[in-house]
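Quick notes on the structure that follows.
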Amino acid sequence: MTNPPRNRSAGPRLDPIDAAIIGFLQQDGRMAAADIAEHLPGVSPGVVRYRINRLQEAGAISIVAIVHPKPLGFVVMADVLVETEPSRTPQVLDELARLELVRYVAYTGDRDISIQIVTRTVQELYSYVYDAVQSLPGVTRTRTYLLPDTRKFTYDWHVPGQVISGAAASAPATEARSTVPHLVKGGPEGHNGETGRGSVFPQEAAPRFHGPVPGAPDDTAAVVGQVTKLRRRMP
């Protein structure tokens, strides 16, 4: 059973200042509020700190250290589709989520589970799939797909224009609908405790941001310009 698609209005609505703050933090997660405020006309460090806290409380962002597997020697990455006995799927999900080399675990249907594994060698990958995955009670079949080249990770994901209110918002784009309704263990996109481990998508709607923020400028045109320049500098 799949969950209905999320209503676009269910999540938090951001404004150009929020988007700019997020952009700077994506470049440097340790960037001080005072340094961010220097790039945003009319916005004080206190407002930046307030907005960062608000974005974190709403579950819109997490500021964490991201571990990159390849520099540590884990150069082999693969997606593995795991088929299970329907009655044992919940138990298999839990067991897979505990495996150390598994980056994410997602439930895709009645008895299909998608996982991603990183290892040091191809031989280690296939041994790990056989010893740690196929041996689990309830697993009936696995299919392994090597990923020789990965071009994008979601921790680089920029705020889409359709969730930014105000002058910086772009024209509405086609609404993307998730094909993974149940995420059990998060990879790069789910590295905080609230949204990355043991969560079910779509989540309960995050609280909306209502009313003006103290110290925020009434005219966001200058900030819109900063957002545009920031996006052009980002890869």
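Ser135 falls short on exactly one of the conditions (1) outside the structural domain of Val159 (by TED's automatic domain parsing); (2) assigned to a helix (DSSP H, G or I); (3) hydroxyl-bearing (Ser, Thr, Tyr), and that condition is (2).
Applying the criterion of being touching a Ser or Thr at 6+ places or on another chain (Cβ under 7 Å) and touching a residue at least 60 places away in the same chain (Cβ under 8 Å) to the residues of the stretch 58-79, the residue that is surrounded by the fewest Cβ atoms within 10 Å (Cβ to Cβ) is Asp79. Exactly one residue out of Ala78, Ala65 is under 23 Å from the mean Cα position of the chain (by Cα), at pLDDT below 95 and not in a helix (DSSP H, G or I), and it is Ala65. Could we say that Asp110 is modelled with pLDDT under 95 and loosely packed, with under 15 Cβ neighbours inside 10 Å here? For Asp110, the condition - modelled with pLDDT under 95 and loosely packed, with under 15 Cβ neighbours inside 10 Å - is met.
Each row is one residue, and each column tells you yes or no for (1) aliphatic (A, V, I, L, M); (2) at pLDDT 95 or above; (3) touching a helix residue (DSSP H, G or I) at 6+ places or on another chain (Cβ under 6 Å); (4) assigned to a helix (DSSP H, G or I).
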| position | (1), (2), (3), (4) |
| --- | --- |
| Ser114 | no, yes, no, no |
| Thr150 | no, no, no, no |
| Gly166 | no, no, yes, no |
| Ala171 | yes, no, no, no |
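From the list Leu93, Leu99, the one residue that fits, being under 23 Å from the mean Cα position of the chain (by Cα), in a loop (DSSP other than H, G, I, E, B), surrounded by 13 or more Cβ atoms within 10 Å (Cβ to Cβ) and not charged (D, E, K, R), is Leu99. Against the numbered list (1) among the aliphatic types (A, V, I, L, M); (2) closer than 23 Å to Trp157 by Cβ; (3) touching a Gly at 6+ places or on another chain (Cβ under 9 Å), Ile117 comes up short only at (3). Of the residues making up the stretch 13-57, those that are closer than 21 Å to Gly161 by Cα, free of Cβ contacts under 8 Å to residues at least 40 places away in the same chain and in contact with a Lys or Arg (Cβ under 7 Å, 6 or more places away or on another chain) number 1.
Of all residue pairs spaced 6 or more apart or on separate chains, those with beta-carbon atoms under 9 Å, a first member in the stretch 122-147 that is under 19 Å from Val75 (Cα atoms) and in contact (Cβ under 8 Å) with a residue 60 or more places away in the chain and a second member that is among the β-branched types (Val, Ile, Thr) and part of a strand (DSSP E or B) are Thr144/Val80; Thr144/Ile117; Tyr145/Val80; Leu146/Val76; Leu147/Val76.
The numbered conditions (1) more than 30 Å from Gly23 (Cα to Cα); (2) at pLDDT below 95 are all true for Ser135 except (2).
The values are calculated or read from the model by the stated rules, or taken from the named source; none is laboratory data. Keep in mind the model is a prediction, meaning the values are calculated, not measured. Don't worry about glycine lacking a Cβ; one is built from the backbone with ideal geometry, like all the others, and counts go over all protein chains shown.
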